[in-house]
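As structure tokens, the structure follows; a few thoughts come after it.
The values are calculated or read from the model by the stated rules, or taken from the named source; none is laboratory data. Keep in mind that this is a model prediction, so the values were computed, not measured. Because the Cβ atoms are built from the backbone with ideal geometry, glycine has one as well, and the counts that use them run over all protein chains shown.
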Amino acid sequence: MDSRFVIDTSDNRDYMYKNGILLLDFGRRFPSPSGSSYYLGDNGLPLTERPRQTWITARMAHVYSIGKILGIEGSEQLATQAVNGLAGELKDHRYGGFYSGITINGQTLPDKMCYAHAFVILAATSALLADIKSAKELLYDALDVFDRYFWDEKEGLAYDNWDITFNRLDEYRGLNANMHTVEAFLAVADATGDEEYRKRAGRIIERVIAWAKEYNYRLPEHFDNDWKAVPDLNWDNPADPFKPFGATPGHAMEWARLILQYAKSISESGKQTDEYIKAAKDLYDRAYLDAWNADGEKGFVYTTDFEGNPVIHDRMHWTLAEAINTSSVLYRITGDKRYADDFSTYLEYLDQSVMDHRYGSWFHQLDEKNSVIDTVWPGKPDIYHAFQAMLIPYIDPSVSITSAILNR
């Protein structure tokens, strides 16, 4: 195996760091004049005709805040622009919260999304740690809105979508928004010391682990307003970018890493965490067995049914990123060389098939033959997943990424 892909070698450390810097360089052209993020094309140029999405802007604020902490030139200005975009044109100054996005004509996209608000919290937390101007105000504004409209204290889970005015709550409930809520809540707890948000993250995780056990670790993604699973949602539109039919192995990987982070963060208090670690391993193993090389070609299939059969064979870049993250964290926590070997295999595949060595960043979608396609994700809209995958293997697995980098 090429030493660039072997964890803890100097060559691997250099490979990961250099490619992280290249990703930051690729994404530099994201800001619109107001700071909200343009959707980036294959070559990193803005696709100015597409809506400027809040979740993309928040992700860019997050990664360039980390860039500032790393000392990467220009990152502070870019993070500041993105924070200004979130606090400016993407914020609803009438009804509160944040729009889903803004069109080229200045029209707001419908609904207030938990998914987007969770990323605003994550972005504001990272910007606060990076000492970006106005980050504190953005964070506590976003937390206030989330606490009032998106957190369901009774269920210990987050709602998904409201209408613009926060008068009508959509009946759909989903795990994707809750997953990024866990990510955001853990980041808040680490950055501010407010342990209430870690407790909330733990409540979500407990529910997810229960569903994972019920469904043989193929997590259902979609639920009704009583939190009853709707496993056949979008069977006729299985490649929906936010609500795909079936189980999503990439999310199982992502949940596994967040569960491990939570478990390690509470283990210092003497709490028993063996069950959490077992659940994370089971989620990872199920996703690996169902999705990796499932059709004879390298890569993770996007979705499977609840028997583990591939549904959408396309390879999404973010699934690979989460596999890189989770395999490395499992190796750190368990010491099992199998996970280190998986990590190396994923990096080799990344370098050979997914990394764009011509224009930069990663191809966001490949077909089952690993040819580039764009039916779900045209272009390369942001660098969040890929950038984090270059850093997480070498940080403290018990701490959120920005806090870990700031304190290492």
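Some values worked out for this structure:
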| item | result |
| --- | --- |
| Pairs where the first residue, in segment 228-248, is of a type in the set (Phe, Trp, Tyr) and the second is part of a loop (DSSP other than H, G, I, E, B) and surrounded by 18 or more Cβ atoms within 10 Å (Cβ to Cβ), C-beta under 6 Å, 6+ apart | 235/245 |
| Hits in segment 345-383 (condition: in contact with a Ser or Thr (Cβ under 9 Å, 6 or more places away or on another chain) and not acidic (Asp, Glu)) | 345, 346, 355, 363, 365, 366, 370, 380, 381, 383 |
| Residue that is surrounded by the fewest Cβ atoms within 10 Å (Cβ to Cβ), among those in segment 158-199 that are part of a helix (DSSP H, G or I) and aromatic (Phe, Trp, Tyr) | 197 |
| Within segment 347-385, considering residues that are of a type in the set (Val, Ile, Thr) and within 10 Å of residue 315 (Cα to Cα), the one surrounded by the most Cβ atoms within 10 Å (Cβ to Cβ) | 354 |
| The listed residue being closer than 13 Å to residue 387 by Cα and either out of contact with any His (no Cβ under 9 Å at 6 or more places or on another chain) or at pLDDT below 95 (or both), out of 43, 19 | 19 |
| Leading residue by the ranking (nearest to residue 352 (Cα to Cα)) among those in segment 10-55 that are aromatic (Phe, Trp, Tyr) and in contact (Cβ under 8 Å) with a residue 60 or more places away in the chain | 15 |
| Selected residue (criterion: farthest from residue 126 (Cα to Cα)) from residues of segment 56-90 that are in contact (Cβ under 8 Å) with a residue 24 or more places away in the chain and charged (D, E, K, R) | 89 |
